[in-house]
Amino acid sequence: MALSGSFSGSILSGKYKLRVDWSATQNVGSNTSKVTCAFYLVQASSWSLNISSRTDNEATINGTKSTWTSASISNSGGKTTKLGSVTSGNITHNADGTKSITLSAKFNIEATISGTYYSSITASTTVTLNTIPRATTPTLSSTSVNMGSAVTISLPRASSSFTHNLAYSFEGSSYTSITTGAGASYSWTVPDRASSIPSATSGKMTVRCITYNGGTAIGTKYAYLTAKVPTSVVPTVS
């Protein structure tokens, strides 16, 4: 996996090489990437070239083709010339955050070199982009629950292969496991922690959700609720 790289194609046994440097930026929230390809002509020493600007050069990123115009070139060889660049639109990753794409480019060199005419130089590759984390944000069927009552923890996972380890903390205590390997939801009975708050009738409970893709943790999110001492056990003074 990567967010940048390089690939190339050539003519004349590498004397004239089309090098493509690519880089990607990612948006975790929208599960998308944008890829920029920059094109260079690399000439071996003493292999000259004198051509004007070329139009209708091509670039294909994840199946979407676009055209670009290259700069003119006039030198005696041994040079690297930037020809142009192209940036893709948003590329949507798979539900689990993974994405592999194909990249290809064609430069219309249209030149006669050592008596032979060459119309273009092409290059292509397949790359695997960095996986975008897709941590699940848990939601609760109620945010105010009596201790000893059940609450449903909904886990709207980005992929059906994701599982979740759930734990809770009460009033800042260390986390205690609720369950491991939960799928799309989990029914949980809020534990009785009344003894931890002898002078109060409710306390703050934090539910922690760690999302896993196989054995790899991909992120942690939280939900919050007020755990109430049931009125039946709250003492009263006449």
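The values are calculated or read from the model by the stated rules, or taken from the named source; none is laboratory data. Everything numeric here is computed off the predicted structure, so don't read it as measured data. Here the Cβ is made from the backbone with ideal geometry for all residues, glycine too, and neighbour counts use every protein chain on show. For accessibility, only protein heavy atoms count, side chains too; no ligands or nucleic acids. Shrake-Rupley method; radii C 1.70, N 1.55, O 1.52, S 1.80 Å.
General observations
- Residue match in segment 63-79 (condition: in contact with a Cys (Cβ under 9 Å, 6 or more places away or on another chain), within 24 Å of T98 (Cβ to Cβ) and free of Cβ contacts under 8 Å to residues at least 60 places away in the same chain): no
- For segment 1-24, the set of residues classified as farther than 15 Å from L103 by Cβ, out of contact with any Leu (no Cβ under 8 Å at 6 or more places or on another chain) and in contact (Cβ under 8 Å) with a residue 12 or more places away in the chain consists of I11, L12, G14, K15, listed by residue number.
- Among residues of segment 157-181 being in a strand (DSSP E or B) and open to solvent by 40 Å² or more (accessible area, probe 1.4 Å), the one that is nearest to G29 (Cα to Cα) is T163.
- Qualifying residue in segment 182-194 (condition: under 16 Å from T231 (Cβ atoms) and exposed (fewer than 13 other Cβ atoms within 10 Å of the Cβ)): no
- Condition met for G115 (open to solvent by 30 Å² or more (accessible area, probe 1.4 Å), touching a residue at least 12 places away in the same chain (Cβ under 8 Å) and of a type in the set (G, A, S)): no
- Total residues in segment 23-70, condition in a strand (DSSP E or B), in contact with a Lys or Arg (Cβ under 7 Å, 6 or more places away or on another chain) and open to solvent by 50 Å² or more (accessible area, probe 1.4 Å): 2
- Flag for S6 being open to solvent by 10 Å² or more (accessible area, probe 1.4 Å), part of a strand (DSSP E or B) and over 30 Å from S161 (Cβ atoms): yes
- Taking residues in segment 132-154 that are without any contact (Cβ under 8 Å) to a residue 12 or more places away in the chain, and partners anywhere that are assigned to a strand (DSSP E or B), not one pair has Cβ atoms closer than 6 Å while being at least 6 places apart or on different chains.
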